[in-house]
Structures are given as C-alpha cells and as structure tokens.
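Working notes, structure below.
Every number here is computed from the coordinates shown, using simple stated rules; none is lab data. Being a predicted model, the structure only gives us computed values, none of them experimental. Cβ coordinates were reconstructed from backbone atoms using ideal geometry, including for glycine residues, and neighbour counts include every protein chain displayed.
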Amino acid sequence: MLEEIKIKALILAGGYGTRLRPLSCTRPKLLFPVAGKTMLEWILNIFYREDFDEVILAVNHLADILKKRVGNKIDNININYSLEPEPLGTGGPIKKAEDRLKDVDNFLIANGDILTTLNFKRMLESHTKKEAIATVALHEVSDPSRYGVVELDKEIRIKKFVEKPKEKLTSKWINAGIYLMRADVLKYIPSNRKVSLEKEIFPILSEKEKLYGFKLDGPWYDVGNFDTFRKANYDIIKRGPKQKPLLYKNANIEDRAKLKPPIIIRENVKIGNFSIIGPNSVICQNSQIGNKTVIKDSIIFENVTIGESALIEGTIIGGNVEIGDSVKIGRNCIISDYVNIRDNIKISKGVIVHPYKELENDVKNSGHVL
C-alpha cells in the first residue's frame, strides 16, 4: 500500500523550547541528544524504514544552527526547511508549507519534541481504510490532565478532544503528537496566523466524523522539559547491555579506566586511566575525560573536555564545555553549552549555569548563574 501512495513528512520545530532553557538558548530542541543521538535522528528513524520523498523541518528559533548542522540530506532522505517568521502553533506551519504538501495524497506531521516508536505502515493502513481526513497517534497515560485527551467510540473515531482537561474524563488516551493527514485537511487551516490543531481544527474534523485515533504501543516521551529529557536518556541507557558498556566507533578507553554499565560511550570519546564512568551515563561524541575522574548518572553532550580528578554526579553538561581538574559538580545541575569551569571549582547541587559563562569561583547556592 505504501508504494502506491506518495508520502512527505513535516516536523514541527518552530518553538523556543522555553522549558529547556538555558540549554535551548544555544541549540534547537531537534539537536538535543538522547542517548547520543539527536532528537532529529530519533524522529527520522520513523522515516528511515519507509519510502518518504521528503522531510520538511518547520523552523524558527535558531534555524541557522539547525541548517548548518543538518544540511539538506540525511542518508537517503531529502531535508528541506520552512521558516516561520514567528512560531505558528501546531496548525500554522502546516498551512505555511502548503505548496510543498498539497501534491501528495497524505503527509505525516510530527512534533519535534516527541520520542516514540511508530508502526507507520499500520497507521497508514488504518488511516486509509477508515477514510480519515486526519489520524492522531494516541498514547495511554495514568494521569492525562497535562495533555490533550481524546474520547473514542468503538471504531476508534475521536468523538471529543479536550486539551488539558480540568474535569475528570473516563479516557486515558492522549494526543501523542504524531498525525497522518490527507492533503485536503489544508482547506480547513486558515492562512497567515498562529493556529492550534487541537483547539481549532480537530473539533471540526470530529464533527464531520473524519478524525480517528491510532493507538501506539511502546514507550513515549514528551521531551519538552528536563525531567522527561533525563528520563528518556536514562530509560534508553538502561535498555542497553547490562553486563558491558555500549561502545561506539573509535572510543578510546585506557586500560585502567573502569566502566560501570549500563552506559553509552559514543564515537571518538577518550577516557583516561583510573577514571570511573557510570552507571546510567552517556558520553557523547568527541568528548575527552581525564585520569581519575568519576562520572555517574550524568548526560555529557558532544565535544566536552573534562580534566583529571573531577567528580560529576547526576548532571547534564552541554556541548563544547571545558571543565578543569578537581572540579566537583553536585546533583541536578545543568551546565549549558560553551561554559568554562576552572580548576578546583565546587558547584553545589541544583545549579544552572547559562551559556558562555566562565566560572572562576565556587558556586555554593542552587539557582541560576547568569
């Protein structure tokens, strides 16, 4: 069936990532690493297995950084960009990309902060069989109050769509942030303004009995804040090998270093003698760890340099950070991109260091370091 239907995809990535600040001040959400792969790579995994002609990135915040890093092709997928002068919600970017979408029978929409698995062929078969104008991927949660909740009939037709309900609903199925749509949905979306699919478009389609759900099975993460970002990383790390570290190409581990699984060491990482790395940690590409350094329960982004005898526990460290010798960083800290921490600095738990900051003194109190 897929071979008979032309498919494109649009990834919604135009938001500012406010709940991920200050890390999102210097990198778009699509470039946040989860277990060493960017969010964009995780999302594109859905498309790698399918015959998608084109993936369009609807972008606004830090679009130039994304274009420079990603380019116009990943593997066999053509990557194009639709630039929003300002964020247009969940519906506006679809209308703005109309000229690129209207020549296909169906297109897939994915929020740029959703991490999940999807059997696309099954979703397409359901969407086509039911003659839906739009099919919404659904995920079941124990507490739906923070999400868009759907009420379904026995045909999995969406009867009602309630965004962040205050009243108690019987349904625990929520909008999972992935949509399959027929091209004629474009006529329902107004032009040149911010549009909410959930509040403006889906109620119309529901009334026409052309809005259906598709139930996902497997893990689902809304990686829009640091709690879920940590959880997604740790869950994927824990699904790796339990008895040995997961090492990628050209990882250079000195003989006397100790790796405690579960742990992921990405490409071109160097770890010095007598260092102890893990458990529950990921060291991203091109990072270097000195001798006698201890890292556990932490997420280390790409191109990070950490000196000797450092202690890092329960921390997120952004990209291109330089950390000196004998630095101690407490739990639940966030060190943003391009930070420089001098030797012998101690940072208390719960400290958030903003980008490009140079720390020359201890940080004794939790909170933001601007």
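For the range 61-137, the Cα-based Rg and Dmax, in that order, read 14.5, 41 Å.
Each peptide in 104-110, 297-303 was scored by the mean count of other Cβ atoms within 10 Å over its residues; highest first, the order is 297-303, 104-110. If I take R0 = 25 Å and measure r between the Cβ atoms of residue 260 and residue 343 in this structure, what FRET efficiency does the formula 1/(1 + (r/R0)^6) give, to the nearest 0.05? Computed FRET efficiency for residue 260 and residue 343 comes out at 0.45. Each 10 Å bin from zero holds the following percent of Cα-Cα pairs in the range 309-363: 30, 67, 4. Within the range 207-304, the percentage of alpha carbon pairs spaced more than 21 angstrom apart rounds to 39%. By other beta-carbon atoms within 10 Å, ranking 171, 196 with the fewest at the front produces 196, 171. Available extension along the chain between residue 368 and residue 250 is 38.9 nm, counting 0.36 nm per residue and deducting the alpha carbon span. The packing ranking, built from the mean of other Cβ atoms within 10 Å per residue, places the peptides 9-16, 250-257, 93-100 in the order 9-16, 93-100, 250-257, highest first. Peptide packing: for 359-365, 199-205, the average count of neighbouring Cβ atoms within 10 Å per residue gives the ranking 199-205, 359-365, highest mean first. Dipole size of the chain about its Cα centre, with +1 on Lys/Arg Cβ and -1 on Asp/Glu Cβ: approximately 780 debye, rounded to the nearest 20.
Taking one equal scatterer on every alpha-carbon of the range 240-369, how large is log10 of I(q)/I(0) by Debye at q = 0.18, 0.20, 0.21, 0.22 1/Å? Once normalised to I(0) and log-transformed, intensities are -0.86, -1.06, -1.17, -1.27.
Taking the number of Cβ atoms within 10 Å of each Cβ as an exposure proxy, the fewest-first ranking of 333, 25 is 25, 333. Scattering from the chain was approximated by placing one identical point on each alpha carbon and applying the Debye formula without solvent; log10 I(q)/I(0) at 0.09 1/Å stands at -0.56. Maximal additional length on extending the residue 45-residue 75 stretch stands at 9.7 nm, based on 0.36 nm per residue less the C-alpha distance. Ranked for footprinting exposure by Cβ neighbours inside 10 Å, fewest first, 191, 287, 24 give 191, 24, 287.
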